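**Q** Before I ask anything, let me first share the structure, which is written out below as structure tokens.
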Amino acid sequence: MAAYYKLSGKFAPQGLILGLLSGAAVSVPLAFLYNYGIVSIPEAKLRGICTLTFGALIGSASGFAMCWGKVRNKLLAGTVGLATSFFGLYLSWFAWVLHLVHPSNWLFNLVHPATHPRRLWQAMQAINAIGTWSYGSSGTPEHGTFLWIVWIGEVLLVVAAGALTALFIVQLRPFCENCQQWCSDQTKLYFDPSLPAGQFKTQLESQDTASLQKLTAGNKKQPHYRLDLHSCGNCHSLNTLSVVQNFPRDHKVIVNKLLVTPDQAAAIRNLELAQRGSVA
């Protein structure tokens, strides 16, 4: 049966702290930028993209910091991304409320207001009662239940983007537990889509990496399979193989971190050198 790499679930305390601090640190400038974006952008779809980007950027900061701190726990990575993105949204609400009170100003000292969540709740209730923006041509500000639903949706979008982005970054590379480091060596190969994805996956799962030599080299600017080999740069004993299908309107991972032997990894690296030589 094919063996795939999985995160060990281990983490260092400093990784947790770094993830939280990094996410919280970038939340401050991003809160002001997000507030400026949602106020200045008139299109609802673009504001939605702005919301997703806001959460994803905070999650990215937390994710990269956790990688540096050697966090290999998926639950912890997602939780930290969720917590920091919610904190960023919390700050952005204060920035938004203060901007409503002082519309000529975009930057405020959020340290003191952020220590009074009850005041924020009271302000949000007051704003919800009268509304501040309208959707469509009616001109009547949205308020009440509909506005609560919009705000809840904003929370869900931001924290989901933050959690998923942090989790994605932590899972990007395998971690060598023997050497206590992320796999730094990466090899990429491109193949023409000359066989179905299912057959390609079956061959690799049966450890038939030798069949790769029979495939036609592909062009990354055309439909192709991309093969990614990650290896520990120190001991070279941990090697994982991933395959991404990149077709028009059909981009997906068909093999995700399949474990291969050092000999198989060496053969794949040699194949990559042969591909580069043929292109040259």
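A short reminder: the numbers here are calculations on the coordinates, not readings from a lab. Worth saying up front: this structure is predicted, and the values here are computed from it rather than measured. For neighbour counting, all protein chains shown are included, and Cβ atoms are generated from backbone atoms with ideal geometry for every residue, glycine included.
**Q** For region 77-133 and region 141-188, what is the separation of their C-alpha centers, rounded to whole Å?
**A** 21 Å
**Q** Per the Kirkwood formula on distinct C-alpha pairs, the Rh of region 176-279 is how many angstrom?
**A** About 14.0 Å for region 176-279.
**Q** Roughly what percent of Cα-Cα pairs across region 13-170 reach past 26 Å?
**A** That fraction is 28 percent.
**Q** Same structure again: What's the longest piece of the chain with no exposed GluC sites (Glu not before Pro), counting a site as exposed if DSSP puts it in a loop and it has at most 15 other beta carbons within 10 Å?
**A** 44-176
**Q** Suppose only helical runs count, i.e. DSSP H with n ≥ 4. What mean residue ellipticity at 222 nm does that imply for the chain under -39500 (n - 2.57) per run, divided by all residues and rounded to the nearest 500 deg cm²/dmol?
**A** Result for the chain: -18500 deg cm²/dmol, rounded to the nearest 500.
**Q** Same structure again: Can you give the Rg to Rh ratio for the chain, taking only C-alpha atoms and Rh from Kirkwood?
**A** My calculation of the ratio gives 1.10.
**Q** Starting from region 9-91, pick out the trypsin sites (Lys or Arg not before Pro) whose DSSP state is loop and whose Cβ has at most 11 other Cβ atoms within 10 Å.
**A** Sparse-neighbourhood loop trypsin sites (Lys or Arg not before Pro): none present.
**Q** What Cys residues in the chain have no fellow cysteine's beta-carbon under 4.7 angstrom?
**A** For the chain, the answer is 50, 67, 183, 235, because their Cβ atoms have no other cysteine Cβ under 4.7 Å.
**Q** A further question follows. I'd like the per residue volume of the convex hull spanned by the Cα atoms of region 1-84, given in cubic angstrom.
**A** Each residue corresponds to 100 Å³ of Cα convex hull volume.
**Q** Just need the relative contact order of the chain here, percent rounded to a whole number, with Cα pairs under 8 Å and 6+ apart.
**A** Relative contact order comes out at 20 percent.
**Q** Using θ = phi - 60° and the Karplus relation 6.51 cos²θ - 1.76 cosθ + 1.60, list the HN-Hα couplings for region 75-92 in order, rounded to whole Hz, with x at every Gly or Pro.
**A** Each residue of region 75-92 in turn: 4, 5, 4, x, 5, 5, x, 5, 5, 6, 5, 5, 4, x, 5, 4, 5, 5 Hz.
**Q** Which cross-chain or sequence-distant (5 or more) residues have an amide H under 5 Å from the amide H of residue 259, H modelled 1.01 Å from N in plane?
**A** Sorted by chain and number, the residues that satisfy this are 3, 4, 5, 241.
**Q** Have a look at 51, 209, 145 and tell me which one the Gaussian network model of the chain (Cα, springs below 10 Å) gives the largest fluctuation.
**A** Most flexible of the set in this elastic network: 145.
**Q** Using Cα springs under 10 Å in a Gaussian network model of the chain, which residue among 48, 15, 59 shows the largest mean-square fluctuation?
**A** Of the options given, 48 has the highest mean-square fluctuation.
**Q** Another question about this same structure. What aspartates and glutamates sit close enough to residue 252 to cross-link, taking a C-alpha to C-alpha distance under 17 Å and skipping anything fewer than 8 places away on the same chain?
**A** 192, 228
**Q** For the chain, modelled as a Gaussian network with Cα springs under 10 Å, which listed residue fluctuates most, 223, 117, 196?
**A** 196
**Q** Rounded to whole Hz and in sequence order, give me ³J(HN,Hα) for region 217-227 from the Karplus expression 6.51 cos²θ - 1.76 cosθ + 1.60, θ = phi - 60°, writing x for Gly and Pro.
**A** With the stated coefficients, region 217-227 comes to 4, x, 10, 5, 8, 10, x, 7, 9, 10, 9 Hz.
**Q** Please report the Cα spread of region 1-49 along all three principal axes, rounded to whole Å, starting with the longest.
**A** 53, 33, 8
**Q** Out of residues 5 or more away from residue 237 or on other chains, whose amide H comes under 5 Å of its own, with H placed 1.01 Å from N in the peptide plane?
**A** Amide H to amide H, under 5 Å and 5 or more residues apart or across chains, residue 237 pairs with 232.
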